[in-house]
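> To start, I am sharing the structure in question, which I have written as structure tokens.
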Amino acid sequence: MSVQTVARRYAAALADVVLQRGEAAEVQVELASWEEMIQSTPNLLEVLRNPTIALDHKRAVLNKLIERAQPRQTTVNFLKVLLQNQRLTDLGEINRKLAETLDERAGMVAASVTTARAVPESSQQQLHAKLTDLTGKKVRVNFATDPDLLGGIVTRIGSTVYDGSVRNQLQMIKEKMAG
């Protein structure tokens, strides 16, 4: 079974719990911190990935980290389930699927907008309104800059990409000229 499929299942189950308890935002923040800690600590990542290290040893390491960090009980329980099922190293993908699931249940969609230069606040608001109209949902927009675009805009909503960048237009012209 693919990591994405597994992540989607864990995310859906966790979303049920955190929405019922009203802890969605808090648990997301805590899990993001755990993901960062695991990914930024090579020795910890190796211990969690290594199948020759006993589960009891891994559990002791996790319990010590939990004792220091003192996350809420929902986060603790979820981390322990992931460890038991040897999925703690998939936490990054699970976090991404959790965010998608919570957004979907809230009737929200995430969009990323990339431009060559920073977009003024007034234009950001106009673009936000247009994207809301386009999708018919609430939209959370993340603005980024990429000077390599040369000009124009690239917008990604889910798996759909609207590429109006100068770089893309030049690439299309190049392909037409090449035959």
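The values are calculated or read from the model by the stated rules, or taken from the named source; none is laboratory data. Everything numeric here is computed off the predicted structure, so don't read it as measured data. Glycine gets a Cβ as well: all are built from the backbone with ideal geometry, and neighbour counts include every protein chain shown. Protein only, heavy atoms only, side chains kept; ligands, DNA and RNA dropped before computing areas. Shrake-Rupley method; radii C 1.70, N 1.55, O 1.52, S 1.80 Å.
> What are the residues in segment 15-29 that are within 15 Å of Pro71 (Cα to Cα), open to solvent by less than 80 Å² (accessible area, probe 1.4 Å) and without any contact (Cβ under 8 Å) to a residue 40 or more places away in the chain, if any?
Ala25
Results for (1) part of a helix (DSSP H, G or I); (2) at pLDDT 95 or above; (3) over 17 Å from Thr101 (Cβ atoms), shown as yes or no for each residue.
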| position | (1), (2), (3) |
| --- | --- |
| Leu19 | yes, yes, no |
| Val29 | yes, yes, no |
| Glu35 | yes, yes, no |
| Leu48 | yes, no, yes |
| Asp56 | yes, yes, yes |
| Arg59 | yes, yes, yes |
| Thr75 | yes, yes, no |
| Leu82 | yes, yes, no |
| Gln86 | no, no, yes |
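> What single numbered condition from (1) open to solvent by 50 Å² or more (accessible area, probe 1.4 Å); (2) aliphatic (A, V, I, L, M); (3) in contact (Cβ under 8 Å) with a residue 12 or more places away in the chain fails to hold for Ala144?
With (1) open to solvent by 50 Å² or more (accessible area, probe 1.4 Å); (2) aliphatic (A, V, I, L, M); (3) in contact (Cβ under 8 Å) with a residue 12 or more places away in the chain applied to Ala144, the lone miss is (1).
> Scan segment 30-44 and tell me whether some residue there is surrounded by 15 or more Cβ atoms within 10 Å (Cβ to Cβ) and farther than 30 Å from Ala144 by Cα.
Yes.
> In this structure, is Arg9 farther than 25 Å from Asp103 by Cα, at pLDDT 95 or above and part of a helix (DSSP H, G or I)?
Answer is no for this residue.
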